[in-house]
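Heads up, the thing below is written out as structure tokens.
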Amino acid sequence: MTLATALPVLQETAAPERVGELPAARVADVRALVAREMGEIEDLVCARIAGGVSPGVESAAHLFDAGGKRVRPLGLLLATACFGTIDARARDLGAAAELVHMATLLHDDVIDDGDQRRGRPTSRRVWGNAVSVLAGDMLLVEALRLASAGAGADDKVTWTELVATLGRLVDGEIIQLRGRVAVSLDEATYFEIVRGKTASLFEWALRAGARTGGAGEAAIDALGRFGSSIGVAFQLVDDLLDYDGDAARTGKTLFADLAEGKLTLPLIRAAAGAGGASVSGLVARVREGDEAAARELGLFVRESGACERVRELARGETTRALAELAIVPRCSASEALADVARGLAARVS
């Protein structure tokens, strides 16, 4: 098991043309630090999927085999290593973080009528919506089983926080779904969705990792804020790539989110500078399947300057995340966490 598929974000971090001041040797350090543990998490996730019932097993495996960044378990392991030894409990929680993330992707593709993910047909396209939903439910059950396996007081806190995080994930999805009925270009609503759907799981993973490593409450809180900030930065960058990305490098088709009617921050910021009414009309046409309207709206956003403003926000979130590491002991793991944060922002630098 290598990190070639598990850690593409860190590989990007090392690319000189992406972030010149970050040495490629840092990636080698991270590999040496967590390669074995990441491989064990991959094996654990595979085993949990294989223990399910067909065709849920095949549906979940189809998504898992397509790869992914695995940033959430990576962050959890590094947070643990900042304060202690990565043990079986940390690996279980890392696998739980990835299982929850995969479950949300399976559910999202059903809600969004998604056809492609990670360069291949979505599970719902192959096995249908019902199987995809149930496969996601199966993964959530496995994640909860893993997270509830510990018997200590800290384990109970981690379990309680995971349940609360699942609530935030669902709330964020529902708020986003409301926007499909009535077009809302409200920036506060956008960030409410991002903090619920994306940042909350990053926050839980970093808190769980720090707690498992033996960190004090102040450090656990700081790592949680670090996770939340990189989660927001991650989503801002992902939304930017819909308008301003290189499909060959990122694997994300331009205007894919827009075609699904998602109102992300680049569009919201562009609309704020041009009058929301005209933009709302274009969004309505996009949601009706008007491809010409999607292209027109996408080009409007690119030419508005909104992408650069959102890019600056992503950099700001990264800066806030890095500031939270001041409380963490200086070590290879904390430096690797900083590189993860920089690497996420570097995707659109």
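Determine whether residue 234 is within 18 Å of the chain's Cα centre (by Cα), touching a residue at least 24 places away in the same chain (Cβ under 8 Å) and more than 30 Å from residue 280 (Cα to Cα). It is false that residue 234 is within 18 Å of the chain's Cα centre (by Cα), touching a residue at least 24 places away in the same chain (Cβ under 8 Å) and more than 30 Å from residue 280 (Cα to Cα).
The single condition among (1) more than 25 Å from residue 94 (Cα to Cα); (2) part of a helix (DSSP H, G or I); (3) in contact (Cβ under 8 Å) with a residue 12 or more places away in the chain that residue 188 does not satisfy is (3). Scanning the range 303-348 for residues that are among the polar types (S, T, N, Q) and farther than 19 Å from residue 231 by Cβ, which turns out surrounded by the fewest Cβ atoms within 10 Å (Cβ to Cβ)? So, considering only residues that are among the polar types (S, T, N, Q) and farther than 19 Å from residue 231 by Cβ, the one surrounded by the fewest Cβ atoms within 10 Å (Cβ to Cβ) is 332. Of the residues making up the range 243-276, those that are at pLDDT 85 or above and either surrounded by 17 or more Cβ atoms within 10 Å (Cβ to Cβ) or not in a helix (DSSP H, G or I) (or both) are 243, 264, 265, 266, 267, 268, 269, 270, 271. Considering only residues in the range 139-163 that are among the polar types (S, T, N, Q) and assigned to a helix (DSSP H, G or I), the one that is nearest to residue 213 (Cα to Cα) turns out to be 158. Selection within the range 46-92: residues that are surrounded by fewer than 24 Cβ atoms within 10 Å (Cβ to Cβ) and among the hydroxyl-bearing types (Ser, Thr, Tyr). The member of this set that is modelled with the highest pLDDT is 54.
Scan 136, 172, 114 and give me the residue that is crowded, with 19+ Cβ neighbours inside 10 Å, assigned to a loop (DSSP other than H, G, I, E, B) and within 19 Å of the chain's Cα centre (by Cα). Every option except 114 fails the conditions.
Between residues in the range 305-316 that are in a helix (DSSP H, G or I) and residues that are modelled with pLDDT under 95 and surrounded by fewer than 17 Cβ atoms within 10 Å (Cβ to Cβ), which pairs lie under 9 Å by C-beta distance while being six or more apart or on different chains? Note: pairs meeting the criteria are 306/272; 306/273; 311/349; 315/349.
The values are calculated or read from the model by the stated rules, or taken from the named source; none is laboratory data. A quick note: this is a predicted structure, and the numbers were derived from the prediction, not measured. So basically every Cβ, Gly included, is an ideal-geometry build from the backbone, and we count neighbours across all protein chains shown.
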